[in-house]
Amino acid sequence: MLRYFLLSLGAQFRRERALTALTVLGVALGVASVSSIQIINLNAIGAFKAGLDAISGDADLSVVGVGPAFDERLYPRVLQTAGVHAAWPLFRLPVTMAGRADYFMEVLGVDLFSPQDLPWKGARAESVAPLSTPGWTAVSPQLAQAWGWSRGSKFDVTSGSRRATLTVGGIVDFSRRSPQASRKILVMDIAQAQELFDGAGRLHEIDVQVAKGADVPQVAAALRRALGPGVSVLTPGQRQEAAEGLLSAFQLNLTALSMISLFVGLFLVFASAQASLLRRRGEFGVLRSLGATGSQLLALLLAQTAALGGLGIAIGLPLGYLGARLNMDTVSATVSNLYLLNEIETLRLTPGLFLSAVGIGLAGVLLGAALPLWEILRLQPLELLSITTLHEKLAAWARPFARAGIAVLTLTLAWYFAAGRAWAPSGFVLAVALILFLISAVPWLVRAVYGRLPLRAFDWRYSFKNLELRLQTSAPAIAAMVVAVCMLTGITFMIQSFRKTIEVWARKSIQADVYISTESWLQGRAQAGLDDALVRDLETRPEARAVDEQRYLFAQYQGHRVAVSGVRIGLPGAEARFPLVASDAKALDVFARERRGVMIGEPFARRSGVKPGGTLTLDGPEGPVALTVAGVYRDYATDWGTGVMDIDAMARAFGPGPLNNLALYLKPGVDAEAEVDRLKERYAGKPLVIRSNALLLQEVFRIFDQTFAVTRLLQAMSLTVAAFGISLTLLILARERAAETALYRSLGATRRQIFFFFLGKGFGMLLMGLALGVGGGVALALILIDAINPAYFGWTIPMSWPWRELAGQALTLTLAALAGGAYPALVASRTPAQELSRDEL
Amino acid sequence: MLSFRGVSKIYRSSEGAERWALKDVSFDVESGRRVSIIGRSGSGKSTLLHLAAGLDVPSRGEVLLDGRNISSLGDEERTLLRRRRLGLVFQFFHLLPHLSVIDNVALPGFIAHDAPAELAARALRLLARVGLEDRARDPVQKLSGGEMQRVAICRALLAKPALLLADEPTGNLDDANGLLILDLLLEVTREEGAALIFVTHSRELAARADAVWELHSGILAR
C-alpha cells in the first residue's frame, strides 16, 4: 500500500495541479497568517524579557520606582534588609540620538566596578577611564557598526531638553548573554549618568540577589516594609506579567484576526479536497473491489492529505516569518510608542512555534478534508464505481444547516445579553457565532435566491442558477468570500469609526496653536523634562496670549500603571479639551474652581470601576494619594489608565517634578507656522520638537494608521485568499463540469458564450459574497465596537459609516474576482464539444 | 444536405503512432432521408457523427453542409451553423438534472436567445407530440429512460434542424423501449422534414432506416 501511496500521490500532483495547489495554498496561507502573528506576539514579549535578562541577569527581585525614579538613599536600606545577598543600583533613561527623534536608545548607568558577576561585566574597563573620561560609554558592536563608531568616537544624545555628549569607551556584545536584548543600550558609570542627565540622587532600579536558602517572597515583603511607598518590589516573572498585561489586548486582537485568515484558508482546503476526492471515487471503488479495506483506504487518504498539509506547512512557515519580518518595524513602533516597551529588533523562532505551526497546518488540512473523506469512506464499492449521479448532500442539508446556524446565533445572542457580557471574551464568542451563521446560510441562500431565478436565456441568470448545481464546490468558495468581506467590512467600519472619533476628539483636545515637546518624549515620557530656563523663556513669548504646561508622571492603581497629566486647569476653555462622558456636578465644580480632584480616562474608569464623585487612591512616588474623581473623559491615547489634574495640585499631591511639554495659545493675528519657524530658529541646537496644531494632528493620525497597519495586512491576506478561492473554484468547476460545457457547445453555444457563462458564475459568487459579507460586516462592526472594544480597551466609539471606503473595496474585489475568473472562464471556453463522455451530467 | 468528400480522421499518440478513425469516407445524404450506420465499437461511428456535427474537423477531405464546406469554417461559424441546422441525440440522453423537462427542451433556445414566449410554446408543442406535456415541470430525474430520450429528441428538434444526428439513441434502453424510441425518432424527423443519420449496433433497428451503411475500421461500406 505504501508503493501505491507514493504512486497515487505523484499522479495527483501531475493530474490535479490546480486542486493540489489549492489545498497546499489554503494550508500555507492559514499557517502563514497564524504563525506571523504568533512570531510577532512572542517576540514582543521576548524583547522585553530579553531586556530583563540582559540588564538584570540573575537578579531574584527588582526594586522599581513608581515615578519612575526614586531616592538613591533607599539603596543602603535594600542592602540592610535581611535575606539580601547583593544588590546593585541602576540608572535607566531613554534617550534619542540628537536630531533623530525616531532613534531611541537606553542609557544604563551601572556600578561598573561592582565585584558582582553582572551582565555588563565585559563593559568594565581595566583602568579608571569610565570615571575619568566624560561621557564614557560602552556600546554593542551592532550599534557601533550602525553609526560607524570606534573607540573614542563621540556622539550626542538628548533626554528632554538636555543634551549630552558621550564617548565610545568600550564595545561589548551584550547579546551573548541574551540574544534578543536590545543593541541600543549605552552602559556607563552610574554617577556619570546621574550627573549628565540631571538625575543626581535618583535611581530607577535596584536589582537584588537573594541569599542562598532565603525565601524570595519573604525577602520581597521585607523590602516593601523597609522601603515604603513610591517603589514596587517585583520578581522578573511579575515584571514580565505586567508587560504581558499591557500588551494582552493588542496581542489578542492580532491573534483573533489571524484566526479569521486561518478560517478562510480552511475553506480552500475543504473545496479542493472535496473536488479531488469526488473525482477519484472511481479509483477508490477499484481499490475497494480489489480487496482494500476501509481502514486501508482511510490510512491512504489521511497520509495523502497529511502529505499535502506538510507541503503547505513547509511553504506557510517561511511565509509567516516573512510576514512577521515585514511587519516587525510597524508593530515594534506601536509596541514601543503606545505601550512603552522594548522595540522588537530581532525575530526568534522557538521549537514551540514550529510545533504549533505544524499542528495548525495538519489540523487545518484534516479538518478541511474531514467531511469529504467521511463521504467517500461511507460509500460501498459499487456505489463508488457507479456512473449514476452522486447525491448532492449539501443541497439536501442546506435548510437544516441554515437553521442550525440561526439557532447558534440566537442562543449566543441570548446568552450574551443575559449573562455573557460580563465575561471579557464574550465578544469573540459572538463574532464566531456570527461567522458560523453566515457560513451556514450560504448553501440555503444559493438555493433560495439563485435556484429560483427564472430561466429565459443563456445569460447571467443561467450562470447564477448554475451555482446551485455544484453546491459542494461553489458554497465553500462563496462562504470564504463572505467571511473575508465580513471581516474587511467590519474592520473598515471599526477603523473608520475609530478614526472619525479620534479626529473629533483630537480636534477638541488639541486646541493650542503651537506645541513644544522634546525628541525623547515618545519613549522618555515623565523623564523627558524641559529645563527651567527654557520654560521661563518660552512662557514669556510676546506672541503668546497664554501658555499651558504639561507635566507627566506615572503612578500605580492596584498594581497597574497609570499615567497622570498635570495641566493648567485655570486656562479659559481648559475643560473643553477633555470631552466628558460622565461627571459629578459637585466634584466638577470643585475641580474647575478650586482645581482639586482628578478626571480619569474612560478606559481607566471601566477597568477600575471608580465613578465620578468617588475617591481614587493612587500610589505615587511619595506614597498614596487620594483624589476625588470629578469626571470621566474620552481618552483614546492608550488603553490603560490615564488621569488629568491641575498641575499645581499635582505638585502638592505627588511632589515637584519637571515640565514635559508646553503649549502656546497665540495672540490673534499671529501665524502659527511662522511662530513655529521662529521658535525653531531661536532654539536651534536644542532637542525640541516644535509643531503647529496642524502638524501635531497629522502626527496623531500617523500613529493611528501605524497601529492598524498589521490589521490591514491580514485583511489583504484574507481577501487575496477569497478572490483566489473564487478563481480556483471556477477552475475546478470548469473541470468538473466539462461534460456539461461540452453539451452546451454541442447545442450551439459559442466559446464566447461559455466564457461569459463561467465569468457569470464567478460574478454570482462574488455578488453573494459581497451582499452577505457586507451585511455580516456591519453586524461584526457592532460587535467589535460595542462588545469587544469596551471589554478590552474601554473606549466609546460612535459608529461612522465609511461608504466611500466600502465602495472602493467592493470595486477592488469585483475587479479582482473578474480578473481572477478570466483564466478559468477561458479554460472552460476551450472545452472541446467531444468532451461529452459516459459520465453523467 | 450533408456530404462527405474523401474524409479521413487521423489521431496521433504522444509517441507519434497514427490511428485512422476514418479512412477516405465519402457519401451524400439528401434532405429528408433517414440513414443508419452500423459498426462495432471503435469502428469510427462517433467520429463520423462528430465530423458531421462540426464538433471536429477532418484530417483530410471535406464535410459539406448545404453545399458549404464546414471543415474550413472557424469554430464560431461551425457552432452557429450547428445551432441553426443540426440537432443531436445522445445515447446517454445528456439532460441537465438541475433543469426541468421543459427547460431541458428549451435549452438550445436559451443559447440562441430565442424569444421566451415562442420558445416555451414550441417546447410544449414538442413535448405534447411525444406525450410528455404533463411532465413539463417535472425534474428530469423522475423520468424513465425512455421518457428521458423522448425529451432529448424534443430538444434536438427545437430549432427545426435540417439534419438530426443520433449516436446510439436506443443504446441505453431495453429492446421494447428502444424500438419505440426509434420509431418515434423516424416519425418526428419525417414530420419536421429533417434528414436523420443514426448510429446503432442493432441490425434490426438499422433496417428501419431508408439506407443502412456499415463502418468497419473507419471504412464506410454502402
Residue among A:Ala739, A:Ala709, A:Ala722, A:Ala716 that is modelled with pLDDT of 80 or more and either more than 14 Å from chain B (Cβ to nearest Cβ) or buried (at least 17 other Cβ atoms within 10 Å of the Cβ) (or both)
A:Ala739
Do we have any residue at all in segment A:822-840 that's among the aliphatic types (A, V, I, L, M), under 30 Å from A:Leu580 (Cα atoms), surrounded by fewer than 22 Cβ atoms within 10 Å (Cβ to Cβ) and in contact with a helix residue (DSSP H, G or I) (Cβ under 9 Å, 6 or more places away or on another chain)?
no
Close pairs (6 angstrom Cβ cut-off, 6 or more residues apart or separate chains): free of Cβ contacts under 8 Å to residues at least 12 places away in the same chain in segment B:112-132, surrounded by 13 or more Cβ atoms within 10 Å (Cβ to Cβ) anywhere:
B:His113/A:Ala457; B:Pro116/A:Arg456
From the residues in segment A:192-243 that are at pLDDT below 90, over 17 Å from A:Asp60 (Cα atoms) and not charged (D, E, K, R), which one is surrounded by the fewest Cβ atoms within 10 Å (Cβ to Cβ)?
A:Ala200
Within segment B:1-51, how many residues are under 17 Å from B:Ala206 (Cβ atoms) and either part of a loop (DSSP other than H, G, I, E, B) or more than 15 Å from the chain's Cα centre (by Cα) (or both)?
7
Quick count over segment A:480-505, residues being within 20 Å of A:Phe758 (Cβ to Cβ) and small (Gly, Ala, Ser), is 1
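Can you report the number of residues in segment A:797-824 which are among the polar types (S, T, N, Q) and farther than 27 Å from A:Lys761 by Cα? Give the steps one after another, and end with the answer.
First, the residues of segment A:797-824 that are among the polar types (S, T, N, Q): A:800, A:809, A:812, A:814.
After this cut, where a residue has to be farther than 27 Å from A:Lys761 by Cα as well, the list is A:800.
Residues meeting the conditions: 1.
For segment A:600-614, how many residues meet the condition of being buried (at least 22 other Cβ atoms within 10 Å of the Cβ) and among the β-branched types (Val, Ile, Thr)? Full working, then the answer.
As a first pass, look at segment A:600-614 and keep what is buried (at least 22 other Cβ atoms within 10 Å of the Cβ): A:600-605, A:612.
This time we only want the ones that are among the β-branched types (Val, Ile, Thr), so: A:600.
Selection size over segment A:600-614: 1.
Kindly check whether there is at least one residue in segment A:693-703 that is in contact with an Asp or Glu (Cβ under 7 Å, 6 or more places away or on another chain), surrounded by fewer than 24 Cβ atoms within 10 Å (Cβ to Cβ), more than 14 Å from chain B (Cβ to nearest Cβ) and not aromatic (Phe, Trp, Tyr). Even if it seems obvious, please write down each step before you answer.
Restricting attention to segment A:693-703, the residues satisfying the condition of being in contact with an Asp or Glu (Cβ under 7 Å, 6 or more places away or on another chain) are A:693.
Okay, now just the ones that are also surrounded by fewer than 24 Cβ atoms within 10 Å (Cβ to Cβ), so A:693.
Filter once more, keeping what is more than 14 Å from chain B (Cβ to nearest Cβ): A:693.
Pick out the ones that are also not aromatic (Phe, Trp, Tyr) and you get A:693.
Yes: one or more hits.
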All-but-one check, B:Gly54 against (1) outside any loop (DSSP other than H, G, I, E, B); (2) buried (at least 22 other Cβ atoms within 10 Å of the Cβ), failing number (1)
Determine if segment B:105-126 includes at least one residue that is in a helix (DSSP H, G or I), crowded, with 23+ Cβ neighbours inside 10 Å and away from chain A (no Cβ under 13 Å).
yes
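Yes/no matrix, rows are residues, columns are (1) in contact (Cβ under 8 Å) with a residue 40 or more places away in the chain; (2) touching a Lys or Arg at 6+ places or on another chain (Cβ under 9 Å); (3) farther than 23 Å from A:Leu743 by Cα:
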residue	(1), (2), (3)
B:Asp134	no, no, yes
B:Val151	yes, yes, no
B:Ala156	yes, no, no
B:Ile219	yes, yes, yes
Surrounded by fewer than 18 Cβ atoms within 10 Å (Cβ to Cβ) and either of a type in the set (A, V, I, L, M, F, W, C) or closer than 30 Å to B:Asp28 by Cβ (or both): does that describe B:Ala152?
no
Residues in segment B:58-65: is at least one within 14 Å of chain A (Cβ to nearest Cβ), outside any strand (DSSP E or B) and modelled with pLDDT of 90 or more?
yes
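One residue is enough: does segment B:76-96 have a residue meeting the conditions over 18 Å from the mean Cα position of the chain (by Cα), within 10 Å of chain A (Cβ to nearest Cβ) and surrounded by fewer than 22 Cβ atoms within 10 Å (Cβ to Cβ)? If you could, list the steps in order and put the result at the bottom.
If we filter segment B:76-96 for residues that are over 18 Å from the mean Cα position of the chain (by Cα), which is where we start, we get B:76-77.
Those left that are additionally within 10 Å of chain A (Cβ to nearest Cβ): B:76-77.
Remaining after also requiring surrounded by fewer than 22 Cβ atoms within 10 Å (Cβ to Cβ): B:76-77.
Yes: segment B:76-96 contains one or more residues that are over 18 Å from the mean Cα position of the chain (by Cα), within 10 Å of chain A (Cβ to nearest Cβ) and surrounded by fewer than 22 Cβ atoms within 10 Å (Cβ to Cβ).
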Among the residues of segment B:99-141, write down those that are more than 16 Å from B:Gly87 (Cα to Cα) and of a type in the set (Gly, Ala, Ser).
B:Ser100, B:Ala115, B:Ala117, B:Ala120, B:Ala121, B:Ala128, B:Gly131, B:Ala136
Would segment A:453-471 turn up any residue that is farther than 21 Å from B:Arg137 by Cβ, in a helix (DSSP H, G or I), under 34 Å from the mean Cα position of the chain (by Cα) and at pLDDT 90 or above?
no
Looking only at segment A:615-663, count how many residues are assigned to a helix (DSSP H, G or I) and buried (at least 18 other Cβ atoms within 10 Å of the Cβ).
5
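I want to confirm something. Restricting to segment B:45-56 and keeping residues that are in contact with a Lys or Arg (Cβ under 8 Å, 6 or more places away or on another chain) and not hydroxyl-bearing (Ser, Thr, Tyr), which single residue is nearest to the other protein chains (Cβ to nearest Cβ)? Talk me through it step by step, then tell me what you get.
Looking only at segment B:45-56, we keep the residues that are in contact with a Lys or Arg (Cβ under 8 Å, 6 or more places away or on another chain), and these are B:47, B:51, B:53-56.
Still in the running and not hydroxyl-bearing (Ser, Thr, Tyr): B:51, B:53-56.
Working: B:Leu51: 10, B:Ala53: 7, B:Gly54: 9, B:Leu55: 4, B:Asp56: 6 Å.
Going through the qualifying residues, I end up with B:Leu55.
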Of all residues in segment A:438-473, which are more than 11 Å from chain B (Cβ to nearest Cβ) and without any contact (Cβ under 8 Å) to a residue 60 or more places away in the chain?
A:Ile439, A:Ser440, A:Pro443, A:Trp444, A:Ala448, A:Arg452, A:Leu453
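The values are calculated or read from the model by the stated rules, or taken from the named source; none is laboratory data. Being a predicted model, the structure only gives us computed values, none of them experimental. Note: ideal-geometry Cβ built from the backbone for every residue, glycine included; neighbour counts use all protein chains shown.
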